[in-house]
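Please treat every number below as a calculation from the coordinates, not as lab data. Source: prediction; values computed, not measured. In this analysis, Cβ positions are derived from the backbone assuming ideal geometry, glycine residues included, and neighbour counts consider all displayed protein chains.
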Ligand SMILES: C[S@@+](CC[C@H](N)C(=O)[O-])C[C@H]1O[C@@H](n2cnc3c(N)ncnc32)[C@H](O)[C@@H]1O
């Protein structure tokens, strides 16, 4: 990428405190995978907790992965590599990447950045796949179909059939930058597109994110710590798929929180009390007594 193209890009490459490189979007100032760095977070927050390899090894129909916020494609490429390494009996993986701005991907693919951002990690194949996605919106191998839905995620989501997604990597800019993408109505729309048994993975562990997913019709649990975050979040359509479901302690935190709910729950006592009652009635809290 020429210096001029780089200056005009909406994104720039930055060096994290741990010395690793990552991409920052200039307009909102947010860094993609800011804690432990792109490759570590893609693995520890998304690919490993989604048990992608094990789910592919089960065999059967193609597994559909929604990659929400393609960005520099670190999550998608990490998943793509897991799929490409599977044997012939495994399920195919269909990655559906959603993105409305391809500057981060262009920057990550530039020869001077591709190595440090992991796009050449296992040879040239990942780089070629991501380049094809950028150019044609589709890349296909016998094991993996990867397609790009370019534009606003909400518009694309409305076109997706009911119950089509098995795994969702929810990696959009934060609720502070993009509150409209972290609402109860957004999560209800996502729930419609999730198949029974689906899981959703996100870096955010905020109380309002978690209550939003619960009010959207999901079960919610604690995900692994990563970088400077003590916790991340794993969401499922079925509570029994969560290793560490939120329980009484979290309900207590919710009732004391100054920002308990996403911003489409009106900030007035009646609406909050109603939302709190709906959260407490979620199946995962059924056996908890009401004294929290
Ligand atoms: C945190 S970054 C994603 C990082 C990425 N998952 C990776 O592994 O490199 C969030 C991305 O979501 C995209 N995005 C934000 N709002 C969007 C929307 N409404 N529709 C589609 N993409 C959106 C941004 O352009 C940005 O690239």
*Can you put 257, 50, 204 in order, fewest other beta carbons within 10 Å first?*
257, 204, 50
*With runs of 4+ DSSP H residues as the only contributors, calculate the mean residue ellipticity of the chain at 222 nm using -39,500 (n - 2.57) per run, divided by the residue total and rounded to the nearest 500.*
-9000 deg cm²/dmol
*Set the Förster radius R0 to 30 Å, insert the Cβ-Cβ distance between residue 249 and residue 274 as r into 1/(1 + (r/R0)^6), and round the FRET efficiency to 0.05.*
0.85
_With only alpha-carbon atoms in the gyration tensor, what are the semi-axes of the equivalent ellipsoid for the range 168-292, in Å, largest first?_
19, 17, 15
*Got the relative contact order for the range 34-285 handy, in percent, Cα pairs under 8 Å and 6 or more residues apart?*
18
*If you average 1/r over all unlike Cα pairs in the range 227-292 and invert the result, what Kirkwood radius do you get in angstrom?*
13.4
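For each of 21, 106, count neighbouring Cβ atoms within 10 Å of the residue's Cβ, then give the residues from fewest to most.
On the way: 21 16, 106 19.
Going from least to most buried by this count: 21, 106.
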*Two-decimal log10 I(q)/I(0) for the range 77-196, as the Debye equation yields it once each C-alpha is a single scatterer, q = 0.16 Å⁻¹*: -0.89
*Using the C-alpha gyration tensor of the range 59-136, what are the square roots of 5 times its eigenvalues, in whole angstrom, with the largest one first?*
22, 15, 9
*Distance between the range 1-75 and the range 77-115 - C-alpha centres, whole angstrom*: 9
_Extension gain (nm, one decimal) between residue 138 and residue 58, 0.36 nm per residue minus Cα-Cα_ = 26.3 nm
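Multiplying the sequence separation of residue 225 and residue 28 by 0.36 nm and subtracting their Cα-Cα distance, what value in nm do you get?
Taking residue 225 through residue 28 to full extension adds about 68.5 nm, to one decimal.
Going by how many other Cβ atoms sit within 10 Å of their own, how do 45, 168 line up, fewest first?
So the residues, fewest neighbours to most, are 168, 45.
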*How long are the semi-axes of the ellipsoid equivalent to the chain, from square roots of 5 times the Cα gyration tensor eigenvalues, in whole Å, largest first?*
32, 22, 17
